[in-house]
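Quick notes on the structure that follows.
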């Protein structure tokens, strides 16, 4: 199977080695053969692009904490309610991008981030993901940037919401090693069956309807200044 979409926009951001017909066919086959509908593509972005994105997130972005409870319909809550809740009700605690440092608003890295967000939200990336996953995708959410360090967590849950089909996560933490933890753990029938490390410049795609739950394992052993940075979202299917 060959890509049947124009690749000019893809080549602006992606590593061109992922756009050849043989590689594309291999990705389609790999995704289809995975019972959980999961694929991790390494060295996904052009090096200049990914280094610029990582520089923005690690040096120029402002992240604020967000809190979640299982018992809340929308999950999101404030710090006080989360702190007063029992431990088994605490669903997540991590940080989400909420701005840019005052002196970085027109930096090259920030402008790359804005262009890349537009690409993720656009038709070409949606078509690419749809072809890799053999899914008829018709909409996507705005990409969200998150930061996790050793204080943070995301407990077991599923992403099944009306129409959601494919989730995507880009890992953007240079220097990440296996002993830092932070793996995405996919569970089926109550047991962990796939563990994906947040390798720098890798893209994970997974079918949210094909497994029971997933979670992020604890982050640990981080050198000063290192955190788990991601950019991700969901695609919808009628």
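Any residue at all in region 63-73 that is touching a helix residue (DSSP H, G or I) at 6+ places or on another chain (Cβ under 7 Å) and closer than 16 Å to residue 128 by Cβ? Among the residues of region 63-73, not one is touching a helix residue (DSSP H, G or I) at 6+ places or on another chain (Cβ under 7 Å) and closer than 16 Å to residue 128 by Cβ, which makes the answer no. Based on what the data block shows, is residue 202 closer than 18 Å to residue 97 by Cβ, surrounded by 15 or more Cβ atoms within 10 Å (Cβ to Cβ) and modelled with pLDDT of 95 or more? Criteria not met by residue 202.
Is it true that some residue in region 183-196 is crowded, with 18+ Cβ neighbours inside 10 Å, at pLDDT 95 or above, more than 24 Å from residue 75 (Cα to Cα) and touching a strand residue (DSSP E or B) at 6+ places or on another chain (Cβ under 8 Å)? The answer is yes, given that some residue of region 183-196 is crowded, with 18+ Cβ neighbours inside 10 Å, at pLDDT 95 or above, more than 24 Å from residue 75 (Cα to Cα) and touching a strand residue (DSSP E or B) at 6+ places or on another chain (Cβ under 8 Å).
Please go through region 89-114 and give me each residue that is touching a residue at least 40 places away in the same chain (Cβ under 8 Å) and part of a helix (DSSP H, G or I), ordered by number.
104, 108, 109, 110, 112, 113
Those helices (runs of 4 or more DSSP H) of region 1-88 in which at least 1 residues are within 21 Å of the chain's Cα centre (by Cα), considering only elements entirely within it, cover 8-13, 21-33, 47-55. Only one of the numbered conditions (1) more than 22 Å from residue 203 (Cβ to Cβ); (2) assigned to a helix (DSSP H, G or I); (3) in contact (Cβ under 8 Å) with a residue 40 or more places away in the chain is violated by residue 124, and that is (1). Against the numbered list (1) in contact with a helix residue (DSSP H, G or I) (Cβ under 6 Å, 6 or more places away or on another chain); (2) over 16 Å from residue 208 (Cβ atoms), residue 153 comes up short only at (1).
Is it the case, given these coordinates, that residue 226 is touching a residue at least 40 places away in the same chain (Cβ under 8 Å), part of a strand (DSSP E or B) and on the phi < 0 side of the Ramachandran plot? Answer is no for this residue.
Would you be able to say whether some residue in region 97-116 is closer than 20 Å to residue 182 by Cβ and under 16 Å from the mean Cα position of the chain (by Cα)? Yes, that holds for at least one residue.
I'd like the residue in region 117-138 that is under 15 Å from the mean Cα position of the chain (by Cα) and more than 15 Å from residue 208 (Cβ to Cβ) and, out of all such residues, is surrounded by the most Cβ atoms within 10 Å (Cβ to Cβ). Result: 125.
Picking from residues in region 162-176 that are more than 13 Å from the chain's Cα centre (by Cα) and in contact (Cβ under 8 Å) with a residue 12 or more places away in the chain, the one that is nearest to residue 134 (Cα to Cα) is 165. Applying the set (1) touching a strand residue (DSSP E or B) at 6+ places or on another chain (Cβ under 9 Å); (2) surrounded by fewer than 19 Cβ atoms within 10 Å (Cβ to Cβ) to residue 87 leaves exactly one unmet item: (1).
The values are calculated or read from the model by the stated rules, or taken from the named source; none is laboratory data. Everything numeric in this text was worked out from a predicted model, so none of it was measured. Positions of Cβ are generated from backbone atoms using ideal geometry, with glycine treated the same way; all protein chains shown enter the neighbour counts.
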